[in-house]
Amino acid sequence: MEPSVTPTLSDAPKVAYGLLWYQDPTKVQHHFYGVFEGGGVKCIAYAGALLAMRERKCWFSAVAGSSAGAITAALIAAGLEPEEIATETEDAIKTVRSGFWPGLGNLRATGGFFDSKKLCCNSLEMSCFLTQ
């Protein structure tokens, strides 16, 4: 049975005075255009870079990306804070982390190296969050 996913109000981006966190002039003083390239492992580096940008009061006025970079860009566009993006990235990596032998077992049993049920659940949770 598939777990049901119900987004809550606490899952929504944090809004103060009608602004998203990055629209608050005390938190962001410099805006840039961000383009993120693909490559699954780069998501880890992106999470760290986003934390560093926030420390320097910098953020994005527009973002784009391909593959894993598109996921990062979507999380930024959804208004998530860098800490939330880092957490989501870590959770996604845990979902697809698989040893060689379990992966081969999945490949033989299901036709895919990763456990597709875990991937679908994680994707469903993220799409529910992004479409609030």
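A few comments on the model shown:
- Sorting Tyr22, Tyr33 by solvent-accessible area of protein heavy atoms yields Tyr33, Tyr22, largest first, with a 1.4 Å probe.
- With a 1.4 Å probe rolled over the protein heavy atoms of all chains, the accessible area of Thr72, Thr26 falls in the order Thr26, Thr72, largest first.
The values are calculated or read from the model by the stated rules, or taken from the named source; none is laboratory data. Since we're looking at a predicted model, the values are computed, not measured. These area figures cover heavy atoms from the full protein model, side chains too; ligands, DNA and RNA do not enter into them. Shrake-Rupley method; radii C 1.70, N 1.55, O 1.52, S 1.80 Å.
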